[in-house]
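Quick notes on the structure that follows.
Derivation of every value follows stated rules applied to the coordinates shown; laboratory data play no part. Nothing here was measured: the structure is a model prediction, and the numbers come from that model. Positions of Cβ are generated from backbone atoms using ideal geometry, with glycine treated the same way; all protein chains shown enter the neighbour counts.
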Amino acid sequence: MITTTRRQFLEKSLQGSLVLSFAPLFPSCHTIAKEKMAVQGSFNSLYLTVTPDNQFLLTFDKVEMGQGVMTGQATLFGEEADINPALFKLSPAPADQRYANPGAIQITSGSSSTHQRWFILRKAGAAYRQALLKAAARIWQLPLDKLITADGYIGTADRSQWTSYATFNTTLKEEDFEDDPKLKDPRTFNYIGKFDRSLDAREKSLGLCTYAIDENLPGKKVAIVIRCPVHGGTLKTFDRASIANIPGVFAVFPVSGGLAIVCNKYYKTLKVRSQIKAEWLSWSIPEEFLYDSEKLFDSYQAKLSPIQNNENSDHSIVHAIYSLPFLAHAPLEPQNCLVRYQKGRLDIWAATQSPTLTKDVGIKISGLPSDQVFVHVAKYMGGAFGRQTLTSTIDAVEIAMQVDAPVQLIWSREDDMKFSALRPMAVTQLQAKIEANTIKEWRYQTVSQSLIQELIRKGGPYMMPGWLPQFIGRGATALAANTMKAFDMAPAAKEGAEQPYALPYDIGIVQMDSPIPTFFWRSVGNSLNGFVMESFVDEVAHAMNKDPLMLRRELLRESPRALAVVNKVAELSGWEGQNPSSDKALGLAYHYSYLTHCAQVIAISKTDESYRVDKVYTVVDCGTVVNPHIVEAQVRSSVIFGLSAALYGEITFKQGTAEQTNYNSYRILTLSETPEVSVYTMPSQEHPSGIGEPALPTVAAALTNAIFRASGVRYRSLPLAKAMKERMKA
Amino acid sequence: MLQFNLNGKPVEIDVPEDTPLLWVLREELGLTGTKFGCGRGLCGACTIHLNGQAIRCCIIPVAAVKDQSVRTIEALDPEQPHPVQVAWMKHNVPQCGYCQPGQIMQAISVLENQNQPTEPKLLLEKISNNLCRCGTYHKIKTAFLEVAQQLGKLK
């Protein structure tokens, strides 16, 4: 229950841009419903607006990146409000702390949207529908149980009374909204688990939807930022006159990210880039930042603790070291941000996973009060996968503050590959002590960069409350970073290293630091540790002379949901009847992330030179399925994303400069390379859990485990295409 | 001044001859349905038709289309969607949707230029170089083969 006092506190805290504060609990559904106001005959609430002509406008507060969240939110609300999800007109929420998670920024991440909104949106929908029923009973003087609702209409079963929800827009009373409305019995669901479409499929198929990069304003200029080719380097000098004299250049000035060049069209920037001579710019680059990837891997490996290899007749030791590269998100829409600074007001059009953080960047850089900074969240984003948008927003706001016109910053694809924040590389060792056919020790140690540190470094200065003086803000940032370091709060690097397996975990982490920016990449630490853990479980099974399925069954015996997905995937893939040979084999992996259990089997067969993935069997337990089509689509999407990374994905550095620049050097899977992917969802009535990421961490290990079973060769580094080539050479 | 036919109508523009057609469409003519993805002809987000053939307009200088016929996603009437678009909607193909105008224009061109019924695999290869980072390939395949079947393009 949220008391009046707490509500008042919430409203007060909204006046500042208190972001990392200990915010009160998310307003419960009744708080949301009670915020309704009848404005010009409309019913308005935080999520729903009903116009006088009975149109339903739903605000979705998690951003749509292709993961289907707008459809999911419409389904949850519509189910309880008795409104067909297809009837909603959908628009994205603005930056508003009321949409934030407890104690956090307003963000869409961690496959958590449906999990977080499962009750909130359903209760908001139910409170609205029940308020309508009460109002109708009162006005029509009918008993409540004589009234029914269906698809935006309310009345009696015999339809002697039958009218639109909108009829009651102005007659709903505060007390009609229940604090804790009763929810439907899942057996009576009309849409949850049944609604099987994407509400944006129409616009997206007809070419009607626009993305942030498509935004335009009269007089718009287009900017690029020339960056130091080496992360951590800074602009030292530039020959302003020479650059400003290139035809097409409107303005040139330094910004924190490098040198901003403003033109009136993007195509002008293409020419300008090619005409800037290297000698017109100089950079300060500390020598220690001139990384070479090979040496970097060696230096990571050197940080690993020596193994305790005192093997004797009582026990044996299994030990393995895995190396994983930096990875780029490479969403198809290049990073961009449109900003207009005019008459003491700042407008930001952005494809952002965190509207409030984007807003805070605007407030901090412009120095404007919070109520003069507006974030226009892109209704559709051209993919995200965790890409960090802070940098492009910072660039764009800095530039727009200095130009007397709206400015759109656009990164080229090369900028995106070379300068975007990456999934960190990692070198990880695992060691198991096996005694009397049981695993007595299980040591994990990873060497990696922290993602949190990067978030603090980039976002920290903007996340402090607006009323704090800058120097305190900076101090607090440093304090927060040190606190996290002190408490070893680098969860991302070891995320997923502890699994439902009954094992004596001993988890260690060595945190590296470098100016190479790192960030959350689809499934985050799980993308590293799913591979590491599942490879090693197979290695241990091999050492113990056990079938990999049998070992997993033993280790998961206390985790019924985990065990169930493993058994199911074994059944569907025909694991137990298989006879692995050098021509054909299956590889198994299991991983638990974002509260979802995922088991995968990859079937491979030998080709002339290598192996081919024939089929990927995936079984997930993600609790109640809200939309079966979207669950299947997200699983397949994750599998393809994981396969692209497993086979080809790496960003490497030579003399500090990223070697991959576009989709030819950073390959992603094509249609004809994509294998069949079957998806089985465990029937469940549990609270929904994540689905946008959990089918990714298993992919690489299921593949290398299959290769091992076919060939006896164990690949411990990715990408596979490179590892296999190196092996051939050797 | 440079002239070409765009979606059935003559257009005239005044830009340097080496300006990529993509940016002429997006920035000079305000047609943003054609997307910028890589700028090197690698991803296919900017796929359009030049005289009925699919091309990647981020690497085509505008001078190359002088007096020729260009067709973009905007030429397709949302009120009377192309069978490819109908199939895309039916199978809920798009995820983020950013690559889909390119995928759809590629698919239409392949089907329009396929005179004889052929093997599904051969037809699929012709749409296989349009990248989709979300990985909607399974749905693309289903939707595309269904239209190909309807239009009598499959053996």
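Listed values, structure above:
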read-out: Relative frequency of Cα-Cα separations exceeding 23 Å in region A:520-608, percent; value: 24 percent
read-out: DSSP beta bridge pairing in chain A, given as percent antiparallel to the nearest 5; value: 75 percent
read-out: Estimated dipole of region A:225-344 in Debye, rounded to 20 [Cβ of Lys and Arg +1, of Asp and Glu -1, Cα centre]; value: 1260 debye
read-out: Scattering curve values for region B:21-139, log₁₀ I(q)/I(0), Debye with Cα scatterers, q = 0.13, 0.18, 0.20 Å⁻¹; value: -0.49, -0.96, -1.18
read-out: Within chain A, longest stretch free of exposed trypsin sites (Lys or Arg not before Pro) [DSSP loop, at most 16 other beta carbons within 10 Å]; value: A:344-545
read-out: Dipole magnitude (debye, nearest 20) for the protein assembly as shown, charges at Cβ of Lys, Arg, Asp, Glu; value: 480 debye
read-out: Dipole-positive endmost among B:91, B:104, B:78 within region B:14-129 (Cβ charges, Cα centre); value: B:91
read-out: Stokes-Einstein diffusion coefficient of the protein assembly as shown, Kirkwood radius over Cα pairs, 25 °C, 0.890 mPa s, in µm²/s; value: 85 µm²/s
read-out: Neighbour-count ranking [beta-carbon atoms within 10 angstrom, fewest first] of B:147, A:447; value: B:147, A:447
read-out: Stokes-Einstein D in µm²/s, Kirkwood radius over Cα pairs - region A:96-251 at 20 °C with 1.002 mPa s viscosity; value: 98 µm²/s
read-out: Dipole magnitude of region A:527-621, debye to nearest 20 (Cβ charges: Lys/Arg +1, Asp/Glu -1, about Cα centre); value: 200 debye
read-out: Within chain B, longest stretch free of exposed GluC sites (Glu not before Pro) [DSSP loop, at most 12 other beta carbons within 10 Å]; value: B:80-155
read-out: Selection from A:172, A:455, A:638 lying farthest towards where the dipole of chain A points positive, charges on Cβ; value: A:172
read-out: Separation between Cα centres of region B:1-72 and region A:340-367, rounded to whole Å; value: 33 Å
read-out: Qualifying trypsin sites (Lys or Arg not before Pro) for region B:19-103 [loop in DSSP, other Cβ within 10 Å: at most 14]; value: B:66
read-out: Signed unit charges on C-beta, dipole axis of the protein assembly as shown, positive-most listed residue A:648, A:548, A:410; value: A:410
read-out: Relative contact order of chain A, pairs being alpha-carbon contacts under 8 Å that are 6 or more residues apart, as %; value: 14 percent
read-out: Residue order, fewest to most beta carbons within 10 Å, for A:724, A:70; value: A:724, A:70
read-out: Geometric extent, Cα atoms of region A:158-202 - Rg, Dmax (angstrom); value: 15.8, 39
read-out: Shielding by partners, peptide A:207-214 (average Cβ within 10 angstrom, other chains); value: 6
read-out: Which of A:366, A:593, B:69 has the fewest Cβ neighbours within 10 Å, and the rest in rising order; value: B:69, A:366, A:593
read-out: Cross-link pairs beyond the 23 Å C-alpha cut-off, checked among A:615/B:141; A:62/A:221; A:546/A:725; A:220/A:343; A:265/B:66; A:584/A:615; value: A:62/A:221; A:546/A:725
read-out: Loop GluC sites (Glu not before Pro), region A:259-335, which have at most 14 other Cβ atoms in a 10 Å radius of their Cβ (DSSP); value: A:311
read-out: Excluding exposed DSSP-loop chymotrypsin sites (Phe, Trp or Tyr not before Pro) (at most 14 other C-beta within 10 Å), longest clean stretch of chain A; value: A:23-466
